[in-house]
Amino acid sequence: MTAQTVTIPAARSPETPERPDNPRLWGHIARRCVLVPAIVLTPLLAVAPSRDHRFNVYWHGGMFRDDPAAIVSHTIASGDAYLRLGNFRPLGRMLEKSLDLLAFTGMQQLGLPATVMLRAVSILAAIALTLAVVVLAESVLNRGRLIGGTPSTVALLLPYAVGAGFVAAGQDSTVILFGGLYFSTAAVVLLVAAAACRLDRLRWWNGVLAVTAGAGLAVFNEPAYFAVPLATAAVLIRGRFVLGLGPRRLLTSPGARFAGLLWAGFLPVFAAVRWIIRGFCADGGCYQGSDLVVDGRTILLLPVRMTAWLPPLQWRAATDATTGGWLRGVVPVVVFLLLAVLAVRTRKVVREAARPANRALTGLASLALVIVACGALLATLSVAVRVAMSGAQLWEQGWRDSALTVPGGMLLAVPLLLLAGRRAPAVMLAVLVLCGAVSATANRAYADATTTLKTAQLDNRIAAAMGGFERSKAGNTRRCALLDEALQTNQHKPFLQHRYTDSLDVAARALAGVPFCDRAVAR
């Protein structure tokens, strides 16, 4: 017999299994992007409309209720007048009119005051902005699939961070004034940057879209101008810090070429519009809100506005007109409990999320710093900010720049704190829940202080009369009394008197087919 030798292959070392994708976490994140801003901003639902909102919601709503498509033709027809006033932003005006129409339609269908509907639209825009911040962060950090993959720890924390930054920091804050417009604009700005990051191949229609989008951003509004430089920065930072591309591959990547085409569409239109406005407004007399100034003070104001997004500074501005202990009461307890319930579940799933590498977190923080700088630059160069604010107000008060500096600032804070250590997520969740509770309480304090103003009380009563429109003679008498009070309050301001009369009349005719105040019936 001969022995047969059998060769047994060496045992392979067990391979480390790759972590499977966990897309269900996206549902968890999306729910918090909705719930956290809604919870923090709910105390502001009853705040009276101010500035142009007092009129525009009725004017635009009544004018376009039966013909929404007329928003486009009406804006184009009035474009020349706004160009001569130095306030040319047709696409932004179309968005603003559409949001006013949405609020007016909700008022009519639900029977709610315009006050509540305006705030509801603003909350919806804040939710959209929160989602946009998360999408941008993941577009930068994630090398693979976005929605179908596993989100990062940054995405889990961002809804709490951004939500805690929505504070009514003064009457010019985007949380109070034109929140729907500027939060929506900021969401568009961030999503353009996210789209540039996720582009893996530049097709011909991508190029056409990029040039068209660049031209459109040039006639949107001032905050939208920063979409182009932010998209460029996002592509370069992601390519360098996350993808590790060299200079040549980075500059020739699809995202970089897409950003270049954005510039190609943006610069000619922007330059032409600003050149025409300069010719019309060289001698003054134009819209001050669009006036810009560059001087030595600009360098000093930039870091000031870059820190004005910090919640403690905003809390001070929101509660400046209050007396006593504004942190007391039921609101901070209820909000804290609601946010804590959400955070407990988030704490349990943190380990299922992917923790980005330190280099990627550094890149995201760099991009966030660019976002904050761009937003702050908008306020730093603005003549309106220098006229309206001084001293501590420049540190604390919100303005249009808040729509970018708040999400940008929170996007900066989250990766920086995650770099501090592995226990940072749990500590951050606790701190952010507390900040969110205080922010909601500061919003409540602002709302309480506003209700004591006679003008706010008048505008709230007008909103209630319009929301529950009475066609009876008694209802007409009450509306005439409200209109007379508005005219008396603004007796030395004929422009405001006309705005009240015309806008309320247009809305009443659209709602009920009658004037807001029929003097013949009143007699």
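Mind running the shape call on the range 310-466? Use the C-alpha gyration tensor, a ≥ b ≥ c as the square roots of the eigenvalues: rounded below 1.5 for a/c, prolate if a/b tops b/c, oblate otherwise. Oblate, because a/c is 1.5 or more while a/b does not exceed b/c. If a/c stays under 1.5 just call it rounded; otherwise compare a/b with b/c (prolate if a/b is bigger, oblate if not). Do that for the range 181-222, with a ≥ b ≥ c from the square roots of the Cα gyration tensor eigenvalues. In terms of gyration-tensor shape, oblate. Packing around the peptides 250-262, 273-285, 174-186, 490-502, taken as the average count of other Cβ atoms within 10 Å per residue, puts them in this order, highest first: 174-186, 250-262, 490-502, 273-285. The aspartates and glutamates whose alpha-carbon is closer than 16 Å to the alpha-carbon of Lys97, local same-chain residues fewer than 8 away aside, are Asp52, Asp66, Asp67. Quick check: from the Cα gyration tensor, does the range 306-360 come out rounded (a/c under 1.5), prolate or oblate? Oblate, because a/c is 1.5 or more while a/b does not exceed b/c.
Using all pairs of distinct alpha-carbon atoms, the Kirkwood hydrodynamic radius of the range 240-335 works out to 19.5 angstrom. With N as its number of residues, the chain has a Cα radius of gyration that, divided by 2.2 N^0.38 Å, comes to 1.10.
Volume of the convex hull of the range 120-253 (Cα atoms only), normalised per residue: 127 Å³. Think of each Lys and Arg Cβ as +1 and each Asp and Glu Cβ as -1; about the Cα centre, that makes the dipole of the range 157-273 roughly 680 debye.
P(r) tail for the range 42-197: Cα pairs beyond 18 Å make up 64% of the total. Per-peptide packing, taken as the mean over residues of other Cβ atoms within 10 Å, places 331-343, 62-74 in the sequence 331-343, 62-74 from highest down. Measuring between their Cα centroids, the range 113-175 and the range 346-396 lie 13 Å from each other.
Most tightly packed first, judged by the mean number of other beta-carbon atoms within 10 Å of their residues, the peptides 51-57, 24-30, 291-297 read 51-57, 24-30, 291-297. Partnerless cysteines in the chain, where a partner means another cysteine C-beta under 4.7 angstrom, comprise Cys33, Cys197, Cys374, Cys435.
No lab work stands behind these numbers, since they all come straight from the coordinates. All values derive from a computational prediction rather than experimental measurement. Neighbour counts are summed over all protein chains in view; Cβ atoms, including those assigned to glycine, are modelled from backbone coordinates with ideal geometry.
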